[in-house]
Structures are given as C-alpha cells and as structure tokens.
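In what follows, a single structure is set out as structure tokens and then discussed.
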Amino acid sequence: MLHPPDEQRHIIRRIQRDYVAQWVDFLSRVCPELDHTDALLTVHGVLGMVNNVLRIARFRNRPRLADELVAFSRLLLLGP
C-alpha cells in the first residue's frame, strides 16, 4: 500500500512522533546541557543515519554492521 488512508497515516505519524519524543527525553536526561531543539536535531540525525544505512543493500551484509551503527550512534548522541 503506497498511500494508506488518512486515519492510518495519522496513527503512523503519532507513533513516529512518540518514538522520537522518547529518544529526545532519554537524550535530554543523559545530556542535560542540550536544549530541546539540539536534542531533537541529534535524535533525528541518528535515526536518519541508521535508516539510510540500512536501505543500502551492500552495507546490510557487513559482518559488524550492528556494532558499527551502535558506535556511530553513540558518538553522534553523546560525543567523543
């Protein structure tokens, strides 16, 4: 289904917003020096990076991809 009905689209968007909000809340607790906008931008950046890497077939076969994504995500979320 390329275009779900409006009601389903609204449900999906609400679930996505709630998911991002949970990560923003977590990051804000771990890094209280980040304001809400910085935490939101960081979370969206990490989720975008992970989602995009997983869409590239040749990367999905890397033996240590999960470990690499965890390391990259930790670096992006928490810094060096």
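The values are calculated or read from the model by the stated rules, or taken from the named source; none is laboratory data. None of these values were measured; they are calculated from a predicted model. Cβ atoms come from the backbone with ideal geometry, glycine included; neighbour counts cover every protein chain shown. Quick note on the areas: whole protein, heavy atoms, side chains included, nothing else; ligands and nucleic acids left out. Shrake-Rupley method; radii C 1.70, N 1.55, O 1.52, S 1.80 Å.
Scanning the range 51-80 for residues that are more than 14 Å from the chain's Cα centre (by Cα) and closer than 18 Å to V20 by Cβ turns up nothing. Of the numbered criteria (1) in contact with a helix residue (DSSP H, G or I) (Cβ under 7 Å, 6 or more places away or on another chain); (2) loosely packed, with under 11 Cβ neighbours inside 10 Å, the one G48 fails is (1). Within the range 18-42, residues that are in contact (Cβ under 8 Å) with a residue 12 or more places away in the chain and farther than 12 Å from L77 by Cβ have Cβ atoms under 8 Å from residues that are part of a helix (DSSP H, G or I) and open to solvent by 50 Å² or more (accessible area, probe 1.4 Å) in these pairs: V20/L40; V20/H44, counting only partners at least 6 apart in sequence or on another chain.
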